[in-house]
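The values are calculated or read from the model by the stated rules, or taken from the named source; none is laboratory data. Keep in mind it's a predicted model, so treat the numbers as computed, not measured. Every residue, glycine as well, gets a Cβ built from its backbone with ideal geometry; the counts of neighbours run over all protein chains shown.
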Amino acid sequence: MMKLPNPRMQKYFIGLTASLTLLACAGDPLESGLDPFAPMVFKEGVTKMPLNPPNKNSLQPFYVSQATIFKFAIDTDSILIGNDGITRYTVILTSPNGSTQVQYEGIRCDSFQWRLYGTFENGSWRENPLSSWKNIQDNVPNRYQAALAQGALCNFTSQEKDIKNILQSLNPNGFTGQTKPTNSFGVIN
């Protein structure tokens with residue numbers, strides 16, 4: 001080791017060594033907090049309620065499960081593939097007595113969650129002020145969010161980015177929703 005002649009020079013050399021060491025660490029992503037491999041923090045974009053009711057000409061029925069007594073359809077004109085990782089859509093639920101519920105929702109493929117943004121009631125959209133992300137249930141009879149996520153809107157844990165692929169997946173002759181191919185009434189083709 002090199003011996004410096006005076007204490008002032010020693011202090012200068014130690015300071016220079018420490019500064020160079022810190023400078024070398026500044027470019028290290030793990031030290032700077034800019035790790036490119038770190039998980040991204042989810043930040044939801046602004047969601048605007050639809051301006052119009054569902055388009056009856058673009059409703060696509062889809063199969064959910066043999067255990068459900070409801071019928072389900074998605075307005076294909078309403079599907080919005082967001083840059084924030086959320087696919088938003090309008091879904092129509094029809095009960096056995098013919099009453100309908102129209103909802104505007106979103107699905108996150110990365111976390112397998114859904115959110116109810118609002119409902120269409122008495123000719124206008126009403127925002128859901130208590131809206132929050134909920135886990136998608138895939139083991140209940142009315143598992144329509146799971147059917148949409150698994151059958152059309154997601155590629156495993158990634159958002160499907162191509163609307164053509166989504167529309168093709170929603171085709172009743174090919175839509176599976178992770179079950180056997182069927183039509184929207186639960187009849188095996």
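Within region 123-157, which residues are touching a helix residue (DSSP H, G or I) at 6+ places or on another chain (Cβ under 6 Å) and within 20 Å of residue 83 (Cα to Cα)?
152
Can you name the residue in region 94-118 that is under 8 Å from the mean Cα position of the chain (by Cα) and farther than 19 Å from residue 55 by Cα and, of all such residues, is surrounded by the fewest Cβ atoms within 10 Å (Cβ to Cβ)?
Residues of region 94-118 that are under 8 Å from the mean Cα position of the chain (by Cα), as a first pass: 106-114.
Narrowing the set further to residues that are farther than 19 Å from residue 55 by Cα leaves 107-114.
Numbers: 107: 24, 108: 23, 109: 20, 110: 15, 111: 13, 112: 18, 113: 18, 114: 20.
Restricting to residues being under 8 Å from the mean Cα position of the chain (by Cα) and farther than 19 Å from residue 55 by Cα, the top hit is 111.
Restricting to region 64-99, name every residue that is assigned to a loop (DSSP other than H, G, I, E, B) and under 30 Å from residue 42 (Cβ atoms).
64, 65, 82, 83, 84, 85
I'd like the full set of residues that are within 19 Å of residue 64 (Cα to Cα) and loosely packed, with under 12 Cβ neighbours inside 10 Å, limited to region 156-170.
Matches in region 156-170: 156 only.
Test of understanding: among 61, 54, 129, which residue is surrounded by fewer than 18 Cβ atoms within 10 Å (Cβ to Cβ) and under 15 Å from residue 170 (Cβ atoms)?
On inspection, the qualifying residue turns out to be 61.
Take residue 119 and tell me if it is in a loop (DSSP other than H, G, I, E, B) and either at pLDDT 90 or above or among the β-branched types (Val, Ile, Thr) (or both).
Values: in a loop (DSSP other than H, G, I, E, B): no; either at pLDDT 90 or above or among the β-branched types (Val, Ile, Thr) (or both): yes.
Against the criterion (in a loop (DSSP other than H, G, I, E, B) and either at pLDDT 90 or above or among the β-branched types (Val, Ile, Thr) (or both)), residue 119 does not qualify.
Among 13, 37, which is the only one that is modelled with pLDDT under 85 and part of a loop (DSSP other than H, G, I, E, B)?
Going through 13, 37 in turn, just one is modelled with pLDDT under 85 and part of a loop (DSSP other than H, G, I, E, B): 37.
On the given criteria, is residue 102 in a strand (DSSP E or B), among the aliphatic types (A, V, I, L, M) and either on the phi < 0 side of the Ramachandran plot or at pLDDT 75 or above (or both)?
So residue 102 fits the description; yes.
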